[in-house]
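Q: Handing you this structure, nothing more for now.
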Amino acid sequence: IVQRDAAASRSKLQPEAGAVLRRLMAHLRLLLLAAAAEVHAETRAQTCCSEDAISCAITCTGCVPCFGCIGLQMIFPWCWGCSMCSGCRVSCTPYLDCYVTTPDCSTTMVHAGRPRSWIVGSAPDSCGGGPCPLLLAIHGWTMTDDMIRSDSAFESKVSSHGGAVVVYPDGWGVGLYSCWSVDGAASLGACTFDDTMDDEGFLRKLIDRIAEDYWIDLDRVYAVGFSNGGQMAMSLACRLSDRIAAFGMVGGGPLRTSLLGGDLAVEGWTCPWNDRAGLIPIMNIHGSSDALAPYSDSYDTIEWFANTQGYSQVSYSYPCSSGVTCTSYVWTSDGTEPTGGTPAVAHIKVHGGSHWWDMGKSFPTSDRLLNFLFQYRKSHLTTYPSLPSLP
């Protein structure tokens with residue numbers, strides 16, 4: 001009887017287990033299809049909004065019906081008027097799909113011969129009755145602009161700071177293979193340094209583009225980045241301080257010339273400083289147990305940045321969070337505490353933190369960055385050359 005009952009139970013469980021497995025497989029297929037559709041949509045947007053595609057759309061107006069008129073098909077009456085479209089049929093065929101439905105090119109541009117894109121977060125109608133600050137949030141390698149948008153939750157947090165327009169630029173590439181090219185840094189596959197990619201130039205143009213579409217306070221533009229995006233933020237602090245007031249780097253890396261070691265990448269930089277030497281603020285947050293971007297490289301890089309600007313180290317501690325241990329290392333331009341808008345280079349070591357936006361410890365990374373960044377205005381952080389004396 002016992003054996004018969006056990007066999008009956010097994011026969012009952014097997015169909016149930018099979019049903020659960022089928023549901024799991026169906027859910028997995030849906031996830032894979034959604035991911036493939038997202039990559040296809042991004043690829044289509046980058047292709048259809050490219051310089052060549054736009055050129056084809058302009059020069060080949062009226063030729064779409066002629067793309068099937070090839071070879072002997074030219075004898076059909078409906079193809080007789082297509083002789084003027086022969087060039088389009090050859091050079092513009094790769095973009096034929098772009099004319100089926102109009103692509104959304106409102107958040108794309110062509111820079112350095114490459115299509116580039118970005119996401120604009122929910123923008124407030126106004127920021128305290130005036131123009132809004134602009135925050136650029138730069139994703140890391142094996143991330144997308146959507147992912148850092150989700151991880152940082154900046155759009156829900158800037159409201160307590162008076163509001164801001166938050167923009168998430170996308171690196172070069174598609175989906176998880178999108179990344180940033182940083183001078184001197186170790187190669188990350190597609191992200192080996194290529195000065196023709198000109199990521200800094202793309203972000204400079206992006207600031208101009210956003211300022212055309214929104215009421216932006218160009219005195220309060222900020223840039224933060226995670227991982228490979230943190231590298232990019234540091235590069236912007238070196239090269240784009242004429243447009244950006246203050247910077248943030250989270251879990252930045254790789255920060256050396258080789259994944260196996262080498263020199264600090266920043267040691268090979270020559271920064272123009274843009275009349276702001278000694279007045280560029282940056283906050284760096286890094287976990288001491290980061291297995292992907294070594295903590296020591298992060299500290300050495302931020303110390304180089306402070307020393308190169310002539311900052312003096314001071315004793316000051318930024319707030320940590322409940323259940324988390326932190327250590328602050330702070331340098332300021334005048335050797336005083338970083339209060340009241342004093343330019344500072346700040347480094348927060350999160351003990352036991354790992355390679356995640358919140359350090360894997362629910363650390364309030366976004367709040368710490370916003371508290372630091374939003375106190376600065378670029379016009380208050382600029383050295384002006386002395387005027388020549390009058391005769």
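Q: With contacts defined as alpha carbon pairs under 8 Å and 6 or more residues apart, what's the relative contact order of region 108-380 in percent?
A: 17
Q: Among 244-254, 141-151, 215-225, how do they line up by average Cβ neighbours within 10 Å per residue, starting with the highest?
A: Output ranking for 244-254, 141-151, 215-225: 244-254, 215-225, 141-151.
Q: So, one more: With all protein chains present, calculate the accessible area of Y329 using a 1.4 Å probe and round the result to the nearest 10 Å².
A: In the full protein context, Y329 sits at about 60 Å².
Q: Within a Cβ distance under 14 Å of F372, other residues only, what is the Lys/Arg minus Asp/Glu net charge?
A: Surrounding charge for F372 is +2.
Q: Follow-up. Using a cut-off of 13 Å between beta-carbons, work out the net charge of the residues near S312 (Lys and Arg +1, Asp and Glu -1, S312 not included).
A: Residues close to S312 contribute a combined charge of -3.
Q: Right, something else. Over the alpha-carbon set of region 200-359, work out the extent along each principal axis and list the three values in angstrom, largest first.
A: Sorted largest first, the three principal extents are 43, 37, 31 Å.
Q: Quick check: residue separation of D367 and K157 times 0.36 nm, minus the Cα distance between them. What number comes out in nm?
A: 74.9 nm
Q: With N set to the residue count of region 108-380, report its C-alpha Rg divided by 2.2 N^0.38 Å to two decimal places.
A: Normalised Rg, Cα atoms only: 0.92.
Q: Sticking with this one: Provide the net charge surrounding S362, with neighbours chosen by a C-beta distance below 13 Å and charges set as Lys +1, Arg +1, Asp -1, Glu -1.
A: -1
Q: Another question about this same structure. Compute and list, largest first, the equivalent-ellipsoid semi-axes of region 108-181 from the alpha carbon gyration tensor, each √(5λ) rounded to a whole angstrom.
A: 25, 14, 8
The values are calculated or read from the model by the stated rules, or taken from the named source; none is laboratory data. None of these values were measured; they are calculated from a predicted model. Because the Cβ atoms are built from the backbone with ideal geometry, glycine has one as well, and the counts that use them run over all protein chains shown. For the accessible areas, the whole protein counts, side chains as well, though only heavy atoms, and no ligand, DNA or RNA atoms are used. Shrake-Rupley method; radii C 1.70, N 1.55, O 1.52, S 1.80 Å.
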